[in-house]
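Inspection log for the structure reproduced underneath, given as structure tokens.
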Amino acid sequence: MDSGPIGYLGTGETLARRLGTTGIGLAGGWVDLRFADPAGFAADLVQLDAALDVFTAAPAGDPRFAPRPTLACPGNPGRMARPGTPTDLASALPAAAWPDFAARVQQAADRCRDRGLEPVFHYHLGTDVETEAEADRLLELTDIAICLDTGHLALAGGDPVAAVHRWAGRIGQVHLKDADLAAHARVRAAGGGLGRGRRRRLLRAGPRRRRPGRSARRPRRDRLHRLAGHRAGRPGGRPGPRPDPRRPARQPAVDRGGAGMTEPGKRIRIAVAGLGTIARAVHLPLLQRRGDLFEIVALADLSPSRVTELGERYGVEPARRYTDATRMVSDGGCDGVLLATSGSHGELAALALRAGLPVLCEKPLAYTLAETDRLGELGAGGAGLMVGYMKQYDPAVAEAARLLTELGGAERVHAVEVTVLHAGGDRQLRFANLPPAAGDVPAEEVARLSAADGRLLDAAVGTDPGARTLYQILINSISHDLSLLRLFTGAPATVEQVATWSLASGGPAEPSVEISGRLPGGARYGIRWLNLPDYPAYRETVALHHARGSLELVFPSPYLLNAPTTLTVVDEHGGGERRAAYRSVTEAFEQELVAFHAMVTAGAAPLTGIAEGAADVRTSQQVVRRYGELTGAAIGGEAAS
């Protein structure tokens, strides 16, 4: 049962005695915190601590069913006046305020976990988190579980059934309520707000029926009053809370590779395979920055000097520095593995999953569908795998997804246009001051790995040089854009046009690429990936056009940490065009690492797992097959069928 106002059921020993004598467990209790107000939030932490004192005093025979603090925000006056559908956007939390709002929610959640309690967040009519899209936004920016309240969600225009499927890995508590949509419409039409009486008429915990021999005016509250020290009713009772079969995903993770895992919110030990540009410029610095979540315990690279240098820099013991990534994975002693090696990651990811180790895998996940099928079998019901599409975790992308949801979702999209101006690596990494390539990589090992990747390319697309080059551009770079299409609209339904062309005779080996076709809802997409080695700077634009405007994302070079992606929202205002810009310096790669941490410690589903990564491999092979049909190139392997 819920605690009610803190102290209503007693505190300390009094609460423990009352719960113990009745056989009722404490499910948790409601705690309002002013997340949108820095000073108010700081002051409210006192009441959170008081609530946690009460919850930790409650007896819990099974720690999985310890009380859950139910965190929520107080009423927003504008929304209290006009709650629910249609959403009052004028009183919505500004987009720029979301990162700080979510950071305070995360702070409160971590404060609960420090006391051994796992909190949930309750969206609520009349507050800053009212709509399904706003709940999605909070889940994207934090690792807190959600309280699924069917009544509040329905009155805010949400779909509780769809939410159950989408939030399945993040639901920590359920409030089942009826919602009177007709009464809600009447209240809104009359200009009424969310007063206590109206709230009771709109939301009910169930049908009101007269029980035989009981007053119709008064529901049965004898157990509640007895607990609170008031007049007792009939004796008797039912057992405490029943186990929730969904909760194992939120429990402390199991021992993997012979090493105990951490509780949610605590540090995990991570091993990194591949110490090239992306690891040196991005992953290792960010893992060090997020020392609250990660400890780098092992490194692997073909270059002995590189392993030694970076092992010293990041404090990795000499015994945990490897020149063989397979040996590093097999030795275990870590809670997760980051794969940043070159080529296909299928074999190394499979080795990690067999060892029960969660994987964060840089793209490409694999070269062939046979590899992804094997990974799917190994990952079913076991350790998780996240494909490293950091753009999916970019705050500007999350904001665009939220706005698209408010517009009505993917079916509102008329066309998606993607343009990538792919400057050379030297242009993208001028700032990084990276050392020259290591000169101590064994040539025979490079030859062995190159031959293995060559065999996988044969199995994927055959031996045609143009097809192989196109495929590698797709799985190594354009896959980022395919991942964004999946996120916004779903994977392409057709591939109709494919063209490649070189910059100039004797120019770069990689051509430019153009792809177009139809999306699942009938909209069109076009991707133009332009290989321009001497272009001044990398620039990627993704524009979603709908009937009344556009959502346009402009990404800088991915290596520039904390350089903001710009989201420009184009719509009509006052009879003219309005262009509003959203930017956040929150780093997408860092958000990706936070999401991986949540996957490892709390079972949170990644935005791209094995199945979604396999979908991108499948789309890439469809592009190559269409390329063969249009050019006469001989396509082989999986792409031919």
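The table for this structure:
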quantity	calculated
Whole-percent pair-distance distribution, where bins are 5 Å wide, for the alpha carbons of region 520-619	2, 9, 12, 15, 19, 20, 13, 6, 2, 1, 0
Stretchable slack from Ser505 to Thr14, in nm (0.36 nm times residue separation minus alpha-carbon distance)	168.3 nm
Relative contact order (%) - region 292-429, alpha-carbon pairs under 8 angstrom, separation at least six	15
Förster-model FRET efficiency, 51 Å R0, Arg267 and Leu181, C-beta, rounded to 0.05	0.65
Efficiency of FRET between Leu434 and Arg455 - r from beta-carbon atoms, R0 30 angstrom, step 0.05	0.45
Summed side-chain charge close to Ala154 - residues other than Ala154 whose Cβ falls under 11 Å, Lys, Arg +1, Asp, Glu -1	-4
Spin-label proximity, Glu444 to region 291-335 - amide N less than 19 Å from point 7 Å beyond Cα toward beta carbon	301-305, 323-327
Per-peptide average of other Cβ atoms within 10 Å, ordering 560-568, 67-75, 43-51 highest first	67-75, 560-568, 43-51
Surface share of carbon and sulfur [accessible, 1.4 angstrom probe, percent] for region 337-422	48
Rg in Å to one decimal, and Dmax rounded to a whole Å, for region 399-540 via C-alpha atoms	18.4, 56
Net +/- balance of residues flanking Ala467 in space, Cβ distance below 14 Å, scoring K and R +1, D and E -1	-2
Ordering of 322-332, 380-390 by packing [mean C-beta count within 10 Å, highest first]	380-390, 322-332
Accessible area of region 468-621 divided out per residue, in Å², using a probe of 1.4 angstrom	39
Extended-chain gain in nm, criterion 0.36 nm per residue less alpha-carbon gap, Ala415 and Val46	127.8 nm
Gln107-Thr277 pseudo-label distance in nm [points 7 Å out on the Cα-to-Cβ vector]	3.9
Highest-first arrangement of 154-162, 118-126, where packing means the average Cβ count within 10 Å	118-126, 154-162
Within the accessible area of region 24-151 (1.4 Å probe), percent carbon and sulfur	58
Approximate spin-label separation Asp426-His573, in nm, with each point projected 7 Å along Cα-to-Cβ	4.4
Accessible carbon and sulfur surface of region 482-554 relative to its total accessible area, %, 1.4 Å	50
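The values are calculated or read from the model by the stated rules, or taken from the named source; none is laboratory data. Predicted, not measured: the structure shown is a model, and the values here were computed from it. Backbone-built Cβ (ideal geometry, glycine too); neighbour counts: all protein chains shown. The accessibility values were calculated without ligands, DNA or RNA, using every heavy atom of the protein model including side chains. Shrake-Rupley method; radii C 1.70, N 1.55, O 1.52, S 1.80 Å.
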